[in-house]
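The values are calculated or read from the model by the stated rules, or taken from the named source; none is laboratory data. For clarity, every value in this text was computed on a predicted model and none was experimentally measured. Note that each Cβ is placed from the backbone with ideal geometry, even for glycine, and that neighbours are counted across all protein chains shown. Areas reflect the complete protein model, heavy atoms only, side chains present, ligands, DNA and RNA absent. Shrake-Rupley method; radii C 1.70, N 1.55, O 1.52, S 1.80 Å.
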Amino acid sequence: MSSSNQDLPVVGHWIDGKPDSGTADRFGDVFDPATGAVQRQVALANEADVDRAVLAARAAFPAWGGASLAKRHAVMFAFRELLFARADELAAIVTSEHGKTLDDARGEVQRGLEVVEFACGIAHLMKGEASEQISTRVDSASYRQPLGVVAGITPFNFPTMVPMWMFPIALACGNSFILKPSDRDPSASLLLAELLSEAGLPDGVFSVVQGDKDAVNALLVHPEIDAISFVGSTPIARHIYETATAHGKRVQALGGAKNHALVLPDANIEVAADAIASAAFGSAGQRCMAISAAVSVGEETAAALSAAIAERARALTVGPGNVAGTEMGPVITPQARERVASYIEAAAADGADVVVDGRELTVAGAEEGFFIGPSVIDSVTTEMSVYRDEVFGPLLVMLKADSFDSGLDLINANPYGNGAAIFTADGGAAREFRSRVQAGMVGVNVPIPVPMAYFSFGGWKDSLFGDLHVHGREGVLFYTRGKVVTERWPQRAQGVDYGFPTQS
Ligand code: NAD
């Protein structure tokens, strides 16, 4: 955090249908992680900025919430077209502030676009049910109605996809939405806001407030906000859930992860190694569905897998995300790089075997960038900090189990429960894993089992606080509330009945 640097462009807010520079005098630095340079500053909203966005959202809600389904899905269809046309531009913004490769950035825009396409079907998704003649001449019908003003607080690692897990469905359901993106890569949110406006979304229905914990804390207690969707680390997810529910809001707060892959002796080791290396090191390990722990059953499997993954890690091309041929970019900040390095050091001190050490990497011509190479750490045990904590970098820990059951027990004892995967050729073992593993998203020979937009995304245990996952059917439930209407239209007066209503 710093005061304004006059020479740098400032990323501001989007409030009431237009850019807004805010009233605060605090600014954050936005890096280009590939060069290490501060390229922009971001305005950090204060309580008054948040209040302005909330009041605009509240004022816009009655008309938007009451707009026809046809109008709401027409806006979503138009937004989908604009997003499709501007996907490369959006991806380039993501790469410049996040550091991931352009391919990866295009991939996240694509996954977000799929949620927009899902939201285009809102007329169908919000349908209720009806029963005729629940009692003589009495009919009942259920409806889903929007909540009002909802907010989304999102992490740095998917600056377009994670917001799009939330707002397309929230808006299509008829809510106003306020996005508080990560202050590390804030620019993509403004292009999304512009495109929504161009698609015909009325002013005030979608706003962006840039900021840090001050903006978040103002949202959590604001009396005019009905619900909060959060995605980020577990300690903050817990804080969001506890504070916002104490202020009467509906909350879904998705937290951090330690996703395991269980590799059985009958697995094809080359196939498993390809899949696990990609899931561990893609996007520099900064994915909530990254595999960060591989558990091999049996010494032979462990030795073969470790060698195969180490070979892939050594061959990986690390460099700036916008350079063709780069397979892995930098991490987000110098602190993130130091954090990963400190876990490698701790693992070595704890007696683990650092097979590939990411600290040894330098990227020629980009020495100031936040690069750290992929690391493979073998002979890890569950007490070591490198296993216990979410490192959130390109670092894979390898553990051993002597049987399917002990491997599964190890995974289930971990406090996180976002994703888990099994690699095997045995359908029976896969079926048992699928049924017994305590995680919200499970892959069978699939390393990153991120559900499609029409399913719901979310973890178990410390990876999710709240009841409903994001997007899919559960997303529609989260952003709406149910109403059941019971109607009687008697043909003629029938006299007073003082009994409790029952079927007749
Ligand atoms: P983070 O928790 O630091 O930040 C997330 C959001 O919370 C940001 O908007 C940030 O400004 C805000 N925030 C940060 N500190 C705060 C505080 N003290 N009080 C109030 N608000 C605060 O997370 P991050 O570093 O941006 O993202 C990485 C984390 O997100 C990882 O833990 C990753 O596993 C997690 N993540 C989870 C999922 C999932 O689906 N479960 C998806 C993506 C990322």
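Would you be so kind as to identify which of Q110, F158, C173 lies farthest towards the positive end of the dipole of the range 92-180, taking Lys and Arg as +1 and Asp and Glu as -1 on Cβ and the Cα centre as origin?
C173
Cα axis of helix 87-98 to longest principal axis of the chain: angle in degrees, 0 to 90, nearest 10?
Taking Cα atoms only, the helix is inclined about 60 degrees.
Counting only protein heavy atoms and a 1.4 Å probe, tell me what percentage of the chain's accessible area is made up of carbon and sulfur.
Within the chain, the accessible surface is 52 percent carbon and sulfur.
With θ taken as phi - 60° and the coefficients 6.51, -1.76 and 1.60, list the Karplus ³J(HN,Hα) couplings across the range 347-355 in order, rounded to whole Hz; mark glycine and proline as x.
Karplus-based 3J(HN,Hα) across the range 347-355 equals 5, 4, 5, 7, x, 6, 9, 7, 6 Hz.
Going by average Cβ density within 10 Å per residue, which order do the peptides 7-20, 387-400, 284-297, 48-61 take, highest to lowest?
Listed from highest to lowest mean packing, they are 284-297, 387-400, 48-61, 7-20.
Just for the chain, what percent of DSSP beta bridges are antiparallel, to the closest 5?
45
If you build the Cα gyration tensor of the chain and take the root of 5 times each eigenvalue, what three semi-axes come out, in whole angstrom, biggest first?
Equivalent ellipsoid semi-axes, largest first: 42, 31, 19 Å.
For G128, what charge total do you get from the other residues with a beta carbon under 10 Å from its beta carbon, if Lys and Arg give +1 and Asp and Glu give -1?
+2
Two decimals is fine: what is log10 I(q)/I(0) at q = 0.10, 0.14 Å⁻¹ for the range 259-444, from a Debye sum with one equal scatterer on every Cα and no solvent?
Rounded to two decimals, the profile gives -0.36, -0.71.
Can you list the lysines whose alpha carbon is less than 27 Å from that of K258, not counting same-chain residues fewer than 8 positions off?
K100, K180, K213, K400, K461
Rounded to the nearest 5, what % of the DSSP beta bridges within the range 259-444 are antiparallel ones?
Rounded to the nearest five, the antiparallel share is 10 percent.
Quick check: convex hull of the Cα atoms in the range 121-253, volume per residue, rounded to a whole Å³?
Value for the range 121-253: 135 Å³ per residue.
Take the Cα radius of gyration of the range 124-180 and divide it by 2.2 N^0.38 Å, with N its residue count; two decimals is plenty.
The reported ratio for this selection is 1.68.
For the range 259-444, with the dipole built from +1 on Lys and Arg beta-carbon atoms and -1 on Asp and Glu ones, taken about the Cα centre, which of A304, I276, A290 lies farthest toward the positive end?
Positive-most Cα among the choices belongs to A290.
With the Cα gyration tensor of the range 332-380 in hand, give its eigenvalues times 5 under a square root as the equivalent ellipsoid semi-axes, listed largest first in whole angstrom.
22, 12, 7
Using amide H atoms built 1.01 Å from N in the peptide plane, name the residues 5+ places from G22, or on other chains, whose amide H lies under 5 Å from its own.
Those lying under 5 Å, H to H, from G22 are H13.
Amide H neighbours of I153 under 5 Å, at least 5 residues apart or on other chains, H built in the peptide plane: list them.
Residues meeting the amide H criterion: K180, S229, F230, V231.
Go through the range 324-341 residue by residue and turn each phi into a ³J(HN,Hα) via Karplus (6.51, -1.76, 1.60, θ = phi - 60°); whole Hz please, and just put x for glycine and proline.
Going residue by residue, I get 4, x, 5, 9, 9, x, x, 8, 6, 9, x, 5, 5, 5, 4, 5, 4, 4 Hz, with x marking Gly and Pro.
If amide hydrogens are placed 1.01 Å from N in the peptide plane, which non-local residues have theirs closer than 5 Å to the one on I134?
Result for I134 returns D139, S140.
For E368, what charge total do you get from the other residues with a beta carbon under 15 Å from its beta carbon, if Lys and Arg give +1 and Asp and Glu give -1?
Its environment carries a net charge of -3.
Of all DSSP beta bridges in the range 98-245, what percent run antiparallel (nearest 5)?
If we restrict to bridges inside the range 98-245, about 20 percent are antiparallel.
For R434 and R481, what is the calculated FRET efficiency with R₀ set at 41 Å and r taken between the beta-carbons, to the nearest 0.05?
0.80
Once you charge only the Cβ atoms, +1 for Lys and Arg and -1 for Asp and Glu, what is the size of the charge dipole of the chain about its Cα centre, to the nearest 20 debye?
Dipole size: approximately 1920 debye.
What is the distance in Å between the Cα centres of the range 146-192 and the range 356-411?
31
For every helix of n ≥ 4 consecutive DSSP H residues, a contribution of -39,500 (n - 2.57) applies; sum these over the chain, divide by its total residues, and give [θ] at 222 nm rounded to the nearest 500 deg cm²/dmol.
It comes out at -12000 deg cm²/dmol, rounded to the nearest 500.
Please work out the average accessible area per residue across the chain, using the 1.4 Å probe convention, and give it in Å².
41
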